[in-house]
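Notes to accompany the following structure.
Each reported figure results from applying straightforward, stated rules to the coordinates on display, with no laboratory input. Given the structure is predicted, the values throughout are model-derived calculations rather than measurements. Here Cβ is always computed from backbone atoms with ideal geometry, including for glycine, and neighbour counts include all displayed protein chains.
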Amino acid sequence: MQDAKWIRCPVCGNKTRDRIREDTVLKNYPLYCPKCKGETLIKVKNLQVTVIKEPDA
């Protein structure tokens, strides 16, 4: 079985309900945190989570 880890919320740092593996690739994924009830756009590649900043309209 491949190594998997929990995605942590970039705002509060708690675990979310999503897990990623080494071969997981996500683009423009809306990550929801059940604790702070926030939603953040992220991208994931090679277990590296990057927050996507949206320009304010």
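Going by average Cβ density within 10 Å per residue, which order do the peptides 7-15, 46-54 take, highest to lowest?
Going by the mean number of other Cβ atoms within 10 Å, highest first, we get 7-15, 46-54.
At 0.36 nm per residue, and after removing the present C-alpha to C-alpha distance, how many nm does the segment from LYS27 to LYS53 gain when stretched out fully?
So the chain would gain 8.1 nm between LYS27 and LYS53.
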